[in-house]
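All remarks here apply to the structure that follows.
The values are calculated or read from the model by the stated rules, or taken from the named source; none is laboratory data. Keep in mind that this is a model prediction, so the values were computed, not measured. Positions of Cβ are backbone-derived with ideal geometry, glycine not excepted, and every protein chain shown enters the neighbour counts. For accessibility, only protein heavy atoms count, side chains too; no ligands or nucleic acids. Shrake-Rupley method; radii C 1.70, N 1.55, O 1.52, S 1.80 Å.
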Amino acid sequence: MSLQKEIVDVLCELLQSGDEADRCYAARTLGVLRNHRAVPYLIGRLKDDDVDVCIDAAEALGKIGDEYAVPALTDSLKNDTSGEVCSMVTEALGKITSADSVGVLVKVLTERPQGLEWDEDWDTWWDIQLEAVKALGAAGAEEAVDTLVDFINDDAQQDIENEVLGALVAISGVGLDRVIERLQDQSSKALHRRRAVRALAGSRSSKAVKVLGRSLRDSDPEVRAEAAQALANQKAGRYLGALVLLLRDSSEEVRNIAIKAVVQLAGRVADSGGLQKTLLPMLTDPSSQVRATLLNTLVPVVSSYPLSDENLKMVVACTHDARAETATAACRLLGENNNPDAMPVLLEHVNNSEGHPMVRREAILAIGRFGRITDEIIDSLINAVSDSQQPVRLAALTTLMALDAQFVEVNSAEAKEVSRRPLSIVIDAVNGNIRVPEKTASEIVSGDAGMAQQQDAGSESRVKNGVVVEFDTDTERHATESTADPEIDEIPVPQRMAETVKLPDAPAQIVEVGEVSPAVSTLDAIAMENVEAMLDKDKSAQQMPEIDEATQEYLDVVEANKAEMRRIRAGKRFTPDQDVRRLGARVLAAANDDTAIGALIQALNDEDDLIRREAAEAIGEIAQRNRGNPKLMDAVGMLITQLSVGDFEQKIACARSLSFLGNRSALAPLMEALKDRQANVRIEAIHSLARLTCDSLDPAEAGHMVVRDVPSVSVARKLLECLNDDNIGVRVAATKALSKVMPEIQDETLTQRAVEKIVASVSEFTGEEARLIGRALRGFGPALSHRTLLAHLKMAEDSVKRSVYIEMIEEILNPDQAQSGQAA
């Protein structure tokens, strides 16, 4: 008897004799296995006393797709009173290609099953109808077309019009014709025509494409826009001319879509001059959104077809657009175009400290794409590194690293344009030699830098007397500009606010002391609401009932989450000067230069824990690209030390980097880290041990001094001990690690012991990691895993443990999971 057959037999037996949980799990897994031998057993469970078992059995029959089940499913649809069961039965019938099933689906679409129950105020028939529509479309049932058309014409069924139209298009032939008729009926609502266009977009027939082309002249702009997008997605190049005409459409939305469609269809087929001549005049479009769309759409094109001199001037002018999104897109386009004539305007934006941070950021990155390096550029980037806005600082440091590759080449040609290497500036930033001016050095929160000046599309910010003022840039500004008064600007801000804000004559309500609770965090508020729901707030403290165990457990979780949030926030708060150093260390990860590596090793000794962590992570990134660089080995000792004594985030960073360095001297320290009290550290140590065990450098060939090399079998035994860990993440990580390490050892006895230990450990705890463990068990080979799981399944004393083993078996045998794993 084959192993899979034995598993199916055991599951079928559970389907008949097990409790409700057994029957549910067995039915679901049999459906996943798609074994036709299970069909009679599943049919028997369509009338199970437990509604969940009925649903799982119907779903399984649909996955198996055996026509033998159609009569039983039909009978269930007619007689079962549960809407959930009938919905699943309908879905199952749709997956079984059969003339009998089509007739049943057509009937249930128009006739409500007798005795069907409502789910409170929801008619479950609606769910059944929706599943029937999808199933009829998937079956290509031409006999259902008239019924579907009548159904869609019912005003009560408009909520699923999209699904019905999609089904008709899928049926093709007469079904497709009915959708076309609906689209061409100009007397129908624009909503219906737009939905018809959307449905036709899924058809590849020439008839559908032709009708979509005609829809470009529809009276409704949303229909035209939908048709333009559909034609572009279908690569209907013969409609390129018609789409070009839409560039002059009166609707902003249509022009937006038309730009994307024209570029998408033209691509590299159209010549550079023709495409630019067609699109670039739209840079004068009255809509800033259209201008931004045009600029962004051209970004991937200009690398092959650079801008002409005339068009370059138009794009340069757009960098001064009042709308930040448009100006940003223009800078990005100039960077991709790579014409040095744009350098002056880009430097102008970089040096404009009052400019929008995202425009300046994109201008800096554009300069990096040019690959040119001069003292003027270097000076501008140095100033940008000390800017008050984080996006500008990061862009400047990133660009300096990008330009550093050009430094050696420039100097080798004996060009005297550059007096300072960009890498040295980044290292200065890491060492704290570049400071943000005092007037802007206020404490910031990570990720929030620059937000004070960033605004919504169509608005702009300006700072006056320390106050950020926002105004709409797509409308006339004369009101703002005409009211500017130097004398008013001299009045202190609080005084002006008092003069302009009118207070009410009297409060709407008198609030007594104690009526307003103090402000609390969201977690506190949630906890308070839950507690207040159980406790009578009006009772005295002496009369309050004791908090039950479940509530106390919940409150403990809340307090733990609050403590963790405080820790995270505390770790993310830093000054701009710290941010410059942090970002500098981060961008050094892109370097392969010994000088950069030396700077990062020095940063590992920094007194700032944030800099140490960034340095450790950067070293790991460099090692992933080129771990053969001998200079990296100078970091091993410091990383091992900090793995032992650093804070928990530093330990994680060091463990990861050590695994990428490939030096086996880190194996012993990583094994020690398995004892760390922080679960996240233990998890990272496990992952790192697996990587280093399976992919390390030969100590003799690499010249590594490994005082204590740890054999792979010792690592495996340590990982086995981790299966007893209280933390689910540690146990899952250990299982995954063992699946990688055991093939390296090639010890069948130890491998079998590992599988036994893994399976046993799941049932010893809550079992919530069963599916994750099941996926990891695939790495040990299906035969060994199946035999072990089957033995445990037969011996399991209750349905809870059996469910754990069934879930793991399902994950291992799941054909869909196996195919996705092969694809990956």
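A few notes on this one:
- Count of segment 25-43 residues which are free of Cβ contacts under 8 Å to residues at least 60 places away in the same chain, assigned to a helix (DSSP H, G or I) and not β-branched (Val, Ile, Thr): 9
- Cross-chain or 6+ apart pairs with Cβ under 8 Å, segment 557-572 first and closer than 22 Å to Gln390 by Cβ, then loosely packed, with under 13 Cβ neighbours inside 10 Å and at pLDDT below 70: Arg569/Val445; Lys572/Val445; Lys572/Gly447
- Sole residue being over 36 Å from the mean Cα position of the chain (by Cα), outside any loop (DSSP other than H, G, I, E, B), acidic (Asp, Glu) and at pLDDT below 95, chosen from Glu414, Glu310: Glu310
- Filter pass, Val211 being open to solvent by less than 30 Å² (accessible area, probe 1.4 Å), in a helix (DSSP H, G or I) and over 17 Å from Pro300 (Cα atoms): yes
- With respect to the conditions (1) open to solvent by 20 Å² or more (accessible area, probe 1.4 Å); (2) under 35 Å from the mean Cα position of the chain (by Cα); (3) at pLDDT below 90, Met88 lacks only one, and its number is (3).
- Set Ala590, Ala603: member being open to solvent by less than 10 Å² (accessible area, probe 1.4 Å) and of a type outside the set (D, E, K, R): Ala603
- Being open to solvent by 30 Å² or more (accessible area, probe 1.4 Å), touching a residue at least 24 places away in the same chain (Cβ under 8 Å) and touching a Lys or Arg at 6+ places or on another chain (Cβ under 9 Å) holds for only one residue in Glu354, Glu362, Glu376, and it is Glu354.
- Number of the condition not met by Gly767 [criteria: (1) under 30 Å from Arg23 (Cβ atoms); (2) part of a helix (DSSP H, G or I)]: (2)
- Some residue of segment 4-24 being part of a loop (DSSP other than H, G, I, E, B), open to solvent by 30 Å² or more (accessible area, probe 1.4 Å) and within 25 Å of Ile128 (Cβ to Cβ): no
Okay, residues lined up against (1) of a type in the set (Asp, Glu); (2) surrounded by 15 or more Cβ atoms within 10 Å (Cβ to Cβ):
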{"residue": "Gln678", "(1), (2)": "no, yes"}
{"residue": "Gly703", "(1), (2)": "no, no"}
{"residue": "Ser712", "(1), (2)": "no, yes"}
{"residue": "Cys722", "(1), (2)": "no, yes"}
{"residue": "Asp726", "(1), (2)": "yes, no"}
{"residue": "Val730", "(1), (2)": "no, yes"}
{"residue": "Ala733", "(1), (2)": "no, yes"}
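- The set of residues from segment 691-701 being out of contact with any Gly (no Cβ under 9 Å at 6 or more places or on another chain) and surrounded by 23 or more Cβ atoms within 10 Å (Cβ to Cβ) comprises just one member, Thr693.
- Taken over segment 171-208, residues that are of a type in the set (S, T, N, Q) and surrounded by 21 or more Cβ atoms within 10 Å (Cβ to Cβ) amount to 1.
- Filtered by the rule that a residue be at pLDDT below 95, crowded, with 18+ Cβ neighbours inside 10 Å, under 21 Å from Leu280 (Cβ atoms) and small (Gly, Ala, Ser), segment 220-241 gives a lone residue, Ala232.
- Qualifying residue in segment 731-742 (condition: under 24 Å from Ile640 (Cα atoms) and not in a helix (DSSP H, G or I)): no
- Flag if Ser446 is modelled with pLDDT under 95 and touching a Lys or Arg at 6+ places or on another chain (Cβ under 6 Å): yes
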